[in-house]
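The values are calculated or read from the model by the stated rules, or taken from the named source; none is laboratory data. The structure presented is a predicted model; accordingly, all values stated were derived computationally and were not measured. In this analysis, Cβ positions are derived from the backbone assuming ideal geometry, glycine residues included, and neighbour counts consider all displayed protein chains. We work out accessible area using only protein heavy atoms, side chains counted, and drop any ligands, DNA or RNA first. Shrake-Rupley method; radii C 1.70, N 1.55, O 1.52, S 1.80 Å.
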Amino acid sequence: MARLVAMTVSGTPLDLLTLADVEAARDLLSGVVKETPLIPSRPLTEITGVPVWLKCENQQRAGSYKVRGAYTRISRLSAAERARGVVAASAGNHAQGVALAAGLLGARATVFMPEGAPLPKVSATKGYGAAVEYAGTSVDDALEAAHDFARTTGAVLIHPFDHPDVIAGQGTVALEILAQCPEAATIMTAVGGGGLISGLAVAAKALRPDIRIVGVQASGAAAYPPSLAAGAPRKLESCATIADGIAVLRPGDLTFAHVAKLVDEIVTVNDEDLSAALLVLLERHKTVVEPAGAAAAAALLTGAYVPAGGPVVAILSGGNIDPMLLLRVIEHGLASAGRFLRLAVRCSDRPGELARLLREIAAQRANIVDVNHSRQSPRLSFGEVEVALSVETRGPAHSSALIKALRDAGYRVALLADTTP
């Protein structure tokens, strides 16, 4: 299929995909992936003042959009290539997409994952039939190991983002969005390596040149802003974010070419923003997403991106979250919203003093989650104890009223540092 020359990256001319590439991928995926729902978001509509819709790719097969690109890529391999097997690198979602697609197409799959990859994602990948190996601490480390495996075994590398077939497969999300919401003014999505946003931009800009495409990166893993400023992909020295699904140190060459040419804006959100968005999606939409999947919603929730008009479609790109991380993120989100406090209260070491403290908290209508009573802290004077409490409140005003009431009652109160997630 004819493609337009996009730009030269690292001395190599690279071509943009076309709408025809994405439409061909849609035909391949017919009957394999499901059309995910587009639902209205009243909370985000109220905050932004424009209609906001959520594209629920967290409900896709294998829990994310990744199966679209993986299946497109593997389905186009020759029988001889499939017989050699495929290899991939991923923190989880691409791993599951490759494992599922390979199983459907009769190819053996090996997936390299970073040490510390979420156990549910590892288990799901194995459950789809792939062999899992660990390599390094980042997706980039795992990708290097996957390249080595491909060279030594002859397995075909299924890149998580930097391949035309993968980009075309991911771009089918845009075709669904524009069929479901033809009047969409903006499409927003999380960005790691850039496969999804590249495919979105190709399809959406071809059908609607006026539409805005906005990417959202975690501030602790935001490789695109410095790369775009430099005019070429730049590798971060390190990344630190709870959003493992978009923790990528360097944009791909091909994806960078698409983003530089077609994407209107890249914004960033921090881990607290992601936690708060995940909590809103869980409470108000009864929707479970992983931190990366909440990135677009987080940008709208916090004002990192302020739409000039609507409708806006925010893609929930994945829902594969470790339940233990979900618990920690919920607690962190509650704390960020002023609804969860961890307090250290000093009081006299006398019988009945703990009961009096608890009565004071109950009088303020706060809910105590846990209590730890200690005499051993070197910070304490003789005859003092420290009571560490986790307390649920109704919000910032209620939290402030509780702390004031305890101090008015003569207690020394300090906020304990939040260590989650």
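For Arg212, what residues show an amide H to amide H distance below 5 Å, using hydrogens built from the backbone and excluding near sequence neighbours?
Result for Arg212 returns Thr186, Ile187.
With contacts defined as alpha carbon pairs under 8 Å and 6 or more residues apart, what's the relative contact order of region 266-389 in percent?
23 percent
Among DSSP bridges having both ends in the chain, what percentage is antiparallel? Round to the nearest 5.
So the antiparallel bridges in the chain amount to around 50 percent.
Can you tell me how region 1-127 classifies by the Cα gyration tensor, rounded, prolate or oblate, using a/c under 1.5 as the rounded cut?
The shape class here is oblate.
Residue by residue through region 98-104, which ³J(HN,Hα) values in whole Hz follow from phi under the Karplus form 6.51 cos²θ - 1.76 cosθ + 1.60 (θ = phi - 60°), with glycine and proline marked x?
5, 4, 5, 4, 4, x, 5
Given a 1.4 Å probe and heavy atoms of the protein chains only, how would you sort Glu115, Glu290, largest accessible area at the top?
Ranked from most to least accessible, the order is Glu115, Glu290.
To the nearest 10 degrees, how steep is helix 195-207 against the longest Cα principal axis of the chain, on a 0 to 90 scale?
Helix 195-207 sits roughly 60 degrees off the main axis of the chain.
Against the longest alpha carbon principal axis of the chain, how many degrees, from 0 to 90 and to the nearest 10, is the axis of helix 271-285 turned?
90 degrees
Given a Förster distance of 35 Å, report the FRET efficiency between Ile39 and Ala414 from their Cβ-Cβ distance, rounded to the nearest 0.05.
For R0 = 35 Å, the calculated efficiency reads 0.25.
Name the most mobile residue of Arg328, Arg346, Arg375, meaning the one with the largest mean-square fluctuation, in a Gaussian network model of the chain with Cα contacts below 10 Å.
With Cα springs under 10 Å in the chain, the top fluctuation among Arg328, Arg346, Arg375 is at Arg375.
Comparing Ala101, Ala295, Ala366, which has the greatest mean-square fluctuation in the GNM of the chain with Cα pairs linked when under 10 Å apart?
Ala366
For region 68-198, calculate the relative contact order in percent as a whole number, restricting contacts to Cα pairs under 8 Å that are 6 or more residues apart.
Across region 68-198, relative contact order equals 29 percent.
For region 196-274, just run the numbers: alpha carbon Rg, then divide by 2.2 N^0.38 Å, N being how many residues it has.
The value comes to 1.09.
Find how many whole Å separate the alpha carbon centroid of region 129-176 from the alpha carbon centroid of region 41-98.
13 Å
Charges on Cβ only, +1 for Lys and Arg, -1 for Asp and Glu, centred on the Cα centroid of region 237-325; of Ala294, Leu262, Leu279, which one is farthest towards the dipole's positive end?
Of the listed residues, the answer is Leu262.
State to the nearest 20 debye the size of the charge dipole of region 89-159 about its Cα centre, where the only charges are +1 on K and R beta carbons and -1 on D and E beta carbons.
320 debye
Where does helix 19-29 land angle-wise versus the long Cα axis of the chain, in degrees 0 to 90, nearest 10?
Value to nearest ten degrees: 80.
Build a GNM of the chain with springs between Cα atoms under 10 Å: which of Leu200, Leu44, Leu105 gets the top mean-square fluctuation?
Residue with maximal mean-square fluctuation among Leu200, Leu44, Leu105: Leu105.
Per residue, how much accessible area does region 157-255 have with a 1.4 Å probe, in Å²?
Counting only protein heavy atoms, the per-residue value for region 157-255 is 28 Å².
Tally up the carbon and sulfur contribution to the accessible surface of the chain as a whole percent, 1.4 Å probe, everything protein left in place.
52 percent
Tell me, what ³J(HN,Hα) does each residue in region 329-345 have, in order and in whole Hz, if you take phi through Karplus 6.51 cos²θ - 1.76 cosθ + 1.60 with θ = phi - 60° and put x for Gly and Pro?
3J(HN,Hα) across region 329-345, in whole Hz: 5, 4, 4, 5, x, 4, 5, 5, 8, x, 10, 9, 10, 10, 10, 10, 10.
With the other protein chains left in place, how much accessible area per residue, in square angstrom, belongs to region 270-313 at a 1.4 angstrom probe?
Each residue of region 270-313 exposes 32 Å² on average to a 1.4 Å probe.
Using every Cα-Cα pair within the chain, state what percent have a distance larger than 32 Å.
Of the Cα pairs, 41 percent sit more than 32 Å apart.
Hey, if we sort Glu133, Glu176 by accessible area with the 1.4 Å probe, largest down, what's the order?
Ranked list, largest accessible area first: Glu133, Glu176.
Can you give me the relative contact order of the chain as a percent, contacts being Cα pairs under 8 Å and 6 or more apart?
Over the chain, the number comes to 16 percent.
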